[in-house]
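Colleague: Can you keep this structure in mind? I'll have questions shortly.
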Amino acid sequence: MWIKCAVSCIAFPGPLTGREANCIAGMKEIKKDTSAFTSGEWKDVQWQKKAAAQYKTYARMLQKPNKNKILKQLPALHEEAFSVIDCLNCAACCKNYSPRFKTPDIKRISKHLKMKESAFIDTYLRLDEEGDYVVKQTPCPFLGNDNHCSIYTIRPSDCERFPYTNEDVLINRARITLKNSTFCPAVFFVLEKLTGTR
Ligand code: SF4
Ligand code: SF4
């Protein structure tokens, strides 16, 4: 995902660099929240602990993926994941990372907020080391206390696509997928299914 760690500026997906250590520092801020799974066999699963234990299994599968087979499976797995995971019980991405705000995003959102683009940028965004606009601080300023996004229908395209569980990004950006599996229960869910663990 091109969602960026607002603490350390790692882009998702993209090659991880020496700044990974900083990102991991940011990861530590994530609470062990198991409430994201809400039904069936996934209810109350200690998923973050399990994801950490399964990391090497996921890595092996992603190293030599059967792309055609996986791409056929992803739409159904994506649907299944979000039938048991409620993002409103999670919001780990919005609380800890930032999307890129690309020019069309800035135009669309500032228009919606009836703000000048320059004022929108001054109020909410900063340029990171890679020249991308990201939120000044996390949690995202558009995230409500109830975990709803106040600009949901016009949110940045990065937000719309995350966590890439229905895109080839999931297998083409293995290292990012592995990183996302540490904080996004939907990625964990799909990797569990793809590796046949569940
Ligand atoms: S996309 Fe993943 S990390 Fe973000 S709120 Fe949904 S389940 Fe949580
Ligand atoms: S814009 Fe909305 S969906 Fe995107 S990070 Fe902020 S709160 Fe989350």
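Only the coordinates and a few stated rules stand behind these numbers; no lab work does. Keep in mind it's a predicted model, so treat the numbers as computed, not measured. Cβ placement follows ideal geometry from the backbone for every residue including glycine, while neighbour counts extend to all protein chains displayed.
Colleague: Tell me, how many Å apart are the Cα centres for the stretch 40-100 and for the stretch 153-198?
Modeller: The two parts, judged by their Cα centres, are 5 Å apart.
Colleague: Expressed in nm to one decimal, what extension gain is obtained for the pair Leu88 and Arg175 from 0.36 nm per residue of sequence separation less their Cα-Cα distance?
Modeller: Gain in length upon complete extension: 28.7 nm.
Colleague: Now, a different point. What distance in nm separates the two pseudo spin-label positions at Thr195 and His148, each 7 Å out from Cα along the beta-carbon direction?
Modeller: Going by the 7 Å Cα→Cβ label model, 3.7 nm.
Colleague: For the stretch 120-178, just say rounded, prolate or oblate: build the C-alpha gyration tensor, square-root its eigenvalues into a ≥ b ≥ c, call rounded for a/c under 1.5, and beyond that prolate if a/b exceeds b/c, oblate if not.
Modeller: Oblate, because a/c is 1.5 or more while a/b does not exceed b/c.
Colleague: Here is a further query. Which residue, Ile121, Pro104, Thr138, has the largest displacement toward the positive end of the dipole of the stretch 57-156 when charges sit on each Cβ (Lys, Arg +1; Asp, Glu -1)?
Modeller: The residue sitting most towards the positive pole is Pro104.
Colleague: Sort Met115, Met61 by Cβ crowding within 10 Å, fewest neighbours at the top.
Modeller: Met115, Met61
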